[in-house]
1. How high is the relative contact order of the chain, in percent, with contacts defined as C-alpha pairs under 8 Å that are six or more residues apart?
2. Given only helices, namely DSSP H runs of n ≥ 4 each adding -39500 (n - 2.57), what is the per-residue ellipticity at 222 nm of the chain, to the nearest 500 deg cm²/dmol?
3. I'd like the carbon and sulfur percentage of the solvent accessible area for the chain, probe radius 1.4 Å, heavy atoms only, ligands and nucleic acids excluded.
4. Against the empirical 2.2 N^0.38 Å scaling, what ratio does the C-alpha Rg of the stretch 1-46 come to?
5. Over the stretch 36-98, what portion of Cα pair distances is larger than 15 Å, expressed as a whole percent?
6. Ordered by residue, what ³J(HN,Hα) values in Hz, to whole numbers, does the stretch 10-19 give under the Karplus form 6.51 cos²θ - 1.76 cosθ + 1.60, where θ = phi - 60° and Gly and Pro are x?
7. Determine ³J(HN,Hα), in whole Hz, for all residues of the stretch 78-89 in sequence, where each value follows from phi through the Karplus function 6.51 cos²θ - 1.76 cosθ + 1.60 and θ = phi - 60°; x replaces Gly and Pro.
8. With a/c under 1.5 counting as rounded, go ahead and sort the chain into rounded, prolate or oblate using the C-alpha gyration tensor (a ≥ b ≥ c being the square roots of the eigenvalues; past the cut-off, prolate if a/b is larger than b/c, else oblate).
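The values are calculated or read from the model by the stated rules, or taken from the named source; none is laboratory data. Please read all numbers here as calculations on a predicted model, not as lab measurements. Accessible surface is based on the protein model in full, side chains and every heavy atom, while ligands, DNA and RNA are left aside. Shrake-Rupley method; radii C 1.70, N 1.55, O 1.52, S 1.80 Å.
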Amino acid sequence: AAAIVRGGGIMLILQSMRKEFATDGVLQRNCCAALGNMAMNNKLNAKEIGNRGGVELVIDVMKRNPFSHDVLIEGSFALETLGSATEQNRRRIESLDGVARCRRTWAKLSGDPEKLEKFWSLL
């Protein structure tokens, strides 16, 4: 992940998530997964992703793909890693109803919204 970040990978991923590829569910899922992985245990990456609109893009992708379980799961993962890494990202996620969106996603996919409590324990 470090080489991807150094090579401008965050910007490339965020650009891929915008309008021109908005309906490509597989690409959107992979972009959410990549952002989540880059933010995991790396506050600098998480901060850059958040500052460049990554939180908003992940939530938008989840809104545009409400029936894609893979997009919803990877989007939830990205939001969890971004939100647990920085306070600013956490506030962004909360202000955009991201926590509630993830709770609804989890409930829809697992049938058990209580399981999400552990998943979101860092927020």
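1. Details: 149 pairs, mean separation 29.5, N = 123.
With pairs under 8 Å counted, the relative contact order is 24 percent.
2. -22000 deg cm²/dmol
3. Numbers: 3580 of 6610 Å².
Carbon-and-sulfur percentage of accessible area, whole number: 54.
4. Numbers: Rg = 10.7 Å, N = 46, 2.2 N^0.38 = 9.4 Å.
In units of the 2.2 N^0.38 Å rule of thumb, it is 1.13.
5. Numbers: 791 of 1953 pairs.
That tail contains 41 percent of the Cα-Cα pairs.
6. Karplus values, whole Hz, x for Gly and Pro: 4, 5, 4, 5, 5, 5, 5, 7, 7, 2.
7. Listing the rounded values in order: 4, 5, 5, 6, 5, x, 7, 8, 9, 5, 4, 5 Hz.
8. Details: a/c = 1.81, a/b = 1.23, b/c = 1.47.
Cα axes put the chain in the oblate bin.
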